[in-house]
Amino acid sequence: MLRKLHFLVLAAALLAPVGSILQAHGQAAPRRIEVTAKRFDFTPGEITLKKGEPVVLVLKSADVAHGVRFRELNVTVNAGKGQTSEVTFTPDKVGTFVGHCSVFCGSGHGSMALTLHVVE
């Protein structure tokens, strides 16, 4: 039993630096991007992202309920009236993707678009 305990202590001591190295070289915290939605506009209207880098998209509604959906990236986030909501995702495709407001917000709803440019 004592021999097994010594082995476990030795293994933990040898593997501890490996965990620290992996944590230090792991992915950085996701990039946070704040977008404000109001009738009938997203601000900013265009965002450039890097393929493979995690992103937190924070959607803030300045008036009524809004949402944005990027069909090709399978990303949707909705924010209630005056609320904030977020979604975390990692772009896996290069290209230009147009997201549209996914919650009916009035007569100009169809013109609300947010463009994501995903680059290498």
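Structure notes:
- Proximal lysines to Lys60, defined as alpha-carbon separation beneath 16 angstrom and excluding residues fewer than eight positions away on the same chain: Lys38, Lys81
- Distance between the modelled labels on Glu120 and Gln83, one decimal in nanometres: 4.1 nm (7 Å Cα→Cβ projection).
- Summarising the amide proton neighbourhood of Val75: residues at separation of 5 or more, or on other chains, whose placed amide H is nearer than 5 Å comprise Phe70.
- 13 Å beta-carbon shell around Pro54, net charge (K/R +1, D/E -1): +1
- Annotation: amide H-H contacts under 5 Å for Glu34 (H modelled 1.01 Å from N, sequence separation of 5 or more, or interchain): Val58.
- A simple packing score, the average count of other Cβ atoms within 10 Å per residue, orders the peptides 60-70, 38-48 as 60-70, 38-48, with the highest score first.
Readers should treat all values here as calculations from the given coordinates under stated rules, not as data from a laboratory. What you see is a predicted model; the values in this text were computed from it and never measured. Backbone-built Cβ (ideal geometry, glycine too); neighbour counts: all protein chains shown.
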